[in-house]
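These notes concern the structure reproduced below.
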Amino acid sequence: MALAAPKSKSNVASQPLLSLHNASLRLGNRTLWKDLSLDLKPGEFLAVLGPNGAGKTSLLKVLLGLNSLKQGSIELLGQPPHKGNSQIGYIPQQKAFDRDLPVRGRDLVHFGLDGHRFGFVRHDQAAWQRVDEVIKEVGASAYANNPIGRLSGGEQQRLRIAQALLAKPELLLCDEPLLSLDLKSQQAISELIDSYRKRYNTSVIFVTHDINPILSMVDRVLYLVGGKWAVGKPDEILTTKCLSQLYGTPVDVLRVRDRIIVVNTVDQHGSSGQHHVGGGEH
């Protein structure tokens with residue numbers, strides 16, 4: 001029997017990490033998005049934008065194996081999405097911890113090894129060394145032994161990133177990781193994620209309500225609105241013409257000092273308004 005020739009690195013690199021084809025997602029009687037087709041390359045940084053309820057977080061849940069498509073196909077890392085895939089790292093939305101929670105920052109990172117299992121799991125020295133290694137990698141060694149509830153939002157988020165990077169994932173899913181952080185922390189967290197992506201050629205899908213902190217890092221944008229979608233480079237999608245077509249109403253896209261601001265001519269209450277690109281997600 002002849003053996004198949006090994007795939008060259010160039011061939012592997014050219015294959016999409018994620019492929020969605022004519023994919024549609026429904027929750028109850030509502031279609032969040034339909035006929036979505038998208039290929040994500042290794043090392044690519046994709047920002048996912050859109051208003052409340054557009055299906056941004058729900059897209060991440062599909063990739064995590066928690067939601068199923070209504071129709072269409074999806075292939076992720078060469079197979080259908082499934083729960084507990086160690087090749088995927090996940091950074092959840094920033095939420096406050098109880099100040100008196102008896103959990104250290106190091107413990108939070110350690111949960112990335114066995115947080116999905118029941119009962120006590122014993123880890124060898126190599127596992128603990130990996131915990132220390134990734135904590136150092138995200139610059140959190142100085143406070144890793146402090147109670148997690150006593151740390152700042154930026155410090156907590158660095159430890160969440162460390163948890164997501166434990167298994168050296170090929171895909172990093174970020175669900176509004178900058179929410180409730182000050183501008184300095186937003187910049188630090190964004191640069192940390194992008195630095196890891198460049199170092200390991202990890203793909204990033206970054207759900208956000210404001211693209212401005214990551215605009216210089218983004219390769220492409222996926223914009224979801226009312227069941228419709230558009231994907232392309234930021235300069236192709238974040239335009240008055242494109243967003244007006246997606247929203248079905250006049251929208252102006254302004255650039256002010258390298259920041260993007262979207263202005264709705266008339267909002268849902270009948271008055272004019274403005275906001276940064278995107279919106280929250282329930």
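Worth a mention:
- Given (1) over 13 Å from the mean Cα position of the chain (by Cα); (2) buried (at least 19 other Cβ atoms within 10 Å of the Cβ); (3) among the charged types (D, E, K, R), number of the condition Lys233 does not satisfy: (2)
- Among the residues of segment 59-87, those identified as of a type outside the set (Val, Ile, Thr) and free of Cβ contacts under 8 Å to residues at least 40 places away in the same chain are Lys61, Gly65, Leu66, Ser68, Gly78, Gln79, Pro80, Pro81, His82, Lys83, Gly84, Asn85.
- Reported count of residues in segment 62-75, each being crowded, with 18+ Cβ neighbours inside 10 Å and not hydrophobic (A, V, I, L, M, F, W, C), is 1.
- Among the residues making up segment 198-224, a single one is within 23 Å of Ala140 (Cβ to Cβ), within 12 Å of the chain's Cα centre (by Cα) and not β-branched (Val, Ile, Thr): Phe206.
- Strands (runs of 3 or more DSSP E) contained entirely in segment 205-282, each with at least 3 residues that are at negative phi and at pLDDT below 95: 251-256, 259-264, 273-276
- Restricting segment 76-116 to residues that are among the β-branched types (Val, Ile, Thr) and touching a Leu at 6+ places or on another chain (Cβ under 9 Å), the residue that is surrounded by the most Cβ atoms within 10 Å (Cβ to Cβ) is Val109.
The values are calculated or read from the model by the stated rules, or taken from the named source; none is laboratory data. Small disclaimer: the values here were computed from a predicted structure and weren't measured. Cβ atoms come from the backbone with ideal geometry, glycine included; neighbour counts cover every protein chain shown.
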